[in-house]
Amino acid sequence: MIQTAKHPDYKILNPQLEEWVRFLPDMDHEDYSNLNVSKRTPYHSYPKIFRELAEWVLNTFEFEYPPEFDIDIWGAIYNKGDYANPHYHGEANVSFVYYVNAVEGSSPLVFSEINQIYKPESGLCVAWNGNEQHEVPPNKCDDRIIIAGNFYPEGV
């Protein structure tokens, strides 16, 4: 099951999120094999505003979240030619992508196994069960910026 929602305060929130994505250190490209992006922030080095976005996801989407959970949250910048290979999010009960900046030419989020495509739109959040395979085709522009996250059962 895939769900979408637009953040009600995205025009205020998104510039703050973008500032943090640009500020946080970049991970080594060797640390994330299914993404070929210009920048990807670490899983566990995220500011309070990332956590607040995750709480909004938790309160907005109707999924079966684990009673006790851990969360990974990261930001990524896709420039022209950047992409994400088809992949799953492993043990995640719920995964999400939130579009901070979706400029003309931003690649969609593609769930090819179930034939669903989600066109990027600033402020839009797409959430799904972590076992859905997804990918991002090569981007046709610079500055496609996202925040993504996974809710895992605690200790996994």
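Every number in this text was worked out from the coordinates using simple rules, so none of it is lab data. Keep in mind that what you see is a predicted model, and the values were worked out from it rather than measured. Quick reminder, even Gly has a Cβ in these numbers, built from the backbone with ideal geometry, and neighbours come from all protein chains shown.
Got the relative contact order for the range 98-152 handy, in percent, Cα pairs under 8 Å and 6 or more residues apart?
The normalised contact order for the range 98-152 reaches 50 percent.
So what is the relative contact order of the range 1-132, in percent, for Cα pairs below 8 Å that sit 6 or more residues apart?
35 percent.
What residues qualify as long-range amide H neighbours of Asp143, i.e. H under 5 Å apart, gap of 5 or more or another chain, H built at 1.01 Å from N?
For Asp143, the qualifying residues are Tyr78, Asn79, Lys80.
Rounded to a whole number of µm²/s, how large is the Stokes-Einstein D of the range 2-153 at 10 °C and 1.306 mPa s, given Rh as the Kirkwood radius over C-alpha pairs?
After rounding, the answer is 104 µm²/s.
Taking the Cβ-Cβ separation of Asn34 and Ile12 as r and a Förster radius of 41 Å, what is the calculated FRET efficiency to the nearest 0.05?
0.80
Could you compute the FRET efficiency for Asn131 and Asn59, with r as their C-beta to C-beta distance and R0 at 25 Å, rounded to 0.05? Provide the component values of the computation, followed by the final result.
Values: r = 23 Å, r/R0 = 0.90.
FRET efficiency, Asn131 to Asn59: 0.65.
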